[in-house]
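First comes the structure, then the notes that go with it.
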Amino acid sequence: MSIEGAATPERPRGLAARYYTAPDVFAAEMERVFARSWVMVGHVSQVAEPGTIITVAVGDESVLVANRGGALRAMYNVCQHRGHQLVTSERVRVDRITCPYHAWTYGLDGRLLHARGEHVGELCVPPVRLEIQGGFIFVNLDSGAPSLAQTAASVEDELLALAPDVAQRVLAARNTHEVRANWKVVVENYNECYHCPNVHKWFTAGVISPGSYRISMKGDVIRHTAEGPRPDGGSGNSAEEANGYGSFYTWPVSSIQCYPGQVINTFRWVPLAVDRTLLIREWWFPSAELTEEQSRLISEEWDNTAWEDFVIVESVQRGLSSRGYRPGPLIMDPSGECDVHSENSVGHLQRLLLDSLGDTV
């Protein structure tokens, strides 16, 4: 495709650099994006036992997910007395929550049970909305937002078609890395495969057939599908191969991915600062004990695709701070189809951002 010519609605330019480098934009995103969107925070297997609590980051907030008698409940991780975090560990198992500061004690439903020294009346830690999709836990700080079922309609059915036992999986491996780039740089890179043929040799040779790669966008969900590679290096066309790879990204920072062979893995991106993002990369198998083949896959993916992306996005972040950067046109397929030769998905992500911010370029 030619890239000459001025930007048009059919060929938009990338966002101005300030959207990736300005602290005031990042601060606005905490309120207008992360406080109003569904964010994946874990899997039901992590809180399967009554009394188990996990702490998770949602934008600039800390949230608790607790199992109370078999029912999951999410709430803000903040004591209603003087604001101390109620739980400071990543995962605990308790029958009640006691604030480390002044020992105010709450039930696993967030209701205040005891305040040392006097009766303080009815208090409750504010709840956070929680929904489950294919065994994965999502939360939303906005009590008035559309449900996850509405936001990501049919994703659960599609995920279950790829891996019917996904809700019974357990965490088998986790890799984390603090990326020196804005969260949108990282998410845009994940959601386009325009760079895949010349950057991700391991991924395009061993996981998917590049010619079959397709990305579709609808609302807050971006779907990626591809056939798995055939042993002879060609692309197959059987139903098993055609459904071999699928990825379901939910705006703004969550993705559930299925590699050929029903290998479920997830991406969670946590914005730390305007130029820092924590990647949490997790793998979910029927058993927490990895086989040699599973261990090799995880290691190869991390050493190849993951690190290739770290290098790319950190270079992009540096470039966005350059006085010489002028946003160029995105490579758009006018048919609306997005493959390894187009960036329609990046334009979609940028529209989601601008809609959230109530802003224009």
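Every number in this text was worked out from the coordinates using simple rules, so none of it is lab data. Please read all numbers here as calculations on a predicted model, not as lab measurements. Quick reminder, even Gly has a Cβ in these numbers, built from the backbone with ideal geometry, and neighbours come from all protein chains shown.
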How many angstrom separate the Cα center of segment 159-227 from the Cα center of segment 27-83? 25
Indicate the gyration tensor shape class of segment 39-140 (rounded, prolate or oblate), computed on the Cα atoms with a ≥ b ≥ c the square roots of the eigenvalues: a/c under 1.5 is rounded; otherwise a/b larger than b/c is prolate and the rest oblate. prolate
For every helix of n ≥ 4 consecutive DSSP H residues, a contribution of -39,500 (n - 2.57) applies; sum these over the chain, divide by its total residues, and give [θ] at 222 nm rounded to the nearest 500 deg cm²/dmol. -6000 deg cm²/dmol
Normalised contact order of segment 1-138, rounded percent, pairs of Cα under 8 Å and 6 or more residues apart: 20
Amide H to amide H, which residues 5 or more places from SER62 or on other chains are under 5 Å from it, using H placed in the peptide plane? ASN77
Once you list every other residue whose beta carbon is under 10 Å from the beta carbon of PHE248, what net charge do they have if Lys and Arg are +1 and Asp and Glu are -1? -1
May I ask which residue of GLN85, VAL139, THR98 lies farthest towards the positive end of the charge dipole of segment 39-140, with charges of +1 (Lys, Arg) and -1 (Asp, Glu) on Cβ and the Cα centre as origin? THR98
FRET efficiency, 1/(1 + (r/R0)^6) with R0 35 Å, evaluated for SER147 and HIS84 via beta carbons: 0.65
Nearest 10, in degrees from 0 to 90: the angle of helix 307-320 to the longest Cα principal axis of the chain is 90
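Please report, in debye to the nearest 20, how large the charge dipole of segment 99-229 is about its Cα centre when each Lys and Arg carries +1 at its beta carbon and each Asp and Glu carries -1 there.
On the way: 11 positive and 14 negative charges, 81 e Å.
I would put it at about 380 debye.
Which shape class, rounded, prolate or oblate, goes with segment 282-340 when its Cα gyration tensor gives a ≥ b ≥ c as root eigenvalues, a/c under 1.5 marks rounded, and past that a/b bigger than b/c marks prolate? Walk me through the numbers on the way to the answer.
Values: a/c = 4.15, a/b = 1.85, b/c = 2.25.
It is oblate, given that a/c is not under 1.5 and a/b is not larger than b/c.
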What is the dipole size for segment 39-140, taken about its Cα centre, with +1 at each Lys and Arg Cβ and -1 at each Asp and Glu Cβ, in debye to the nearest 20? 160
Singleton cysteines, the chain, no second Cys beta-carbon under 4.7 Å -> CYS124, CYS258, CYS338
Between helix 292-301 and the chain: long-axis angle, C-alpha atoms, 0 to 90°, nearest 10: 70
Among GLN150, PHE248, TYR213, which residue has its Cα positioned farthest towards the positive end of the charge dipole of the chain, with +1 placed on the Cβ of Lys and Arg, -1 on the Cβ of Asp and Glu, and the dipole taken about the Cα centre? GLN150
Find how much the distance from ARG214 to ALA161 grows on full extension, using 0.36 nm per residue of separation minus their present alpha carbon separation; answer in nm with one decimal. 17.3 nm
Tell me which residues come under 5 Å, amide H to amide H, from LEU330 once H is placed; ignore anything under 5 positions away on its chain. ARG13, GLY14
Mind checking the full-extension length gain between HIS195 and ASN175? Use 0.36 nm per residue of separation minus the Cα-Cα distance, one decimal, nm. 4.9 nm
Full extension between ALA16 and ARG93 adds, at 0.36 nm per residue less the Cα distance, a length in nm of 23.1 nm
Quick check: the angle from helix 344-357's long axis to the longest principal axis of the chain, C-alpha only, nearest 10 degrees? 40
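So what is the relative contact order of the chain, in percent, for Cα pairs below 8 Å that sit 6 or more residues apart?
Working: 709 pairs, mean separation 74.2, N = 361.
Taking the mean separation of contacting Cα pairs over the length of the chain, I get 21 percent.
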Magnitude of the charge dipole, the chain, Cβ model with Lys/Arg +1 and Asp/Glu -1, debye to 20: 1020
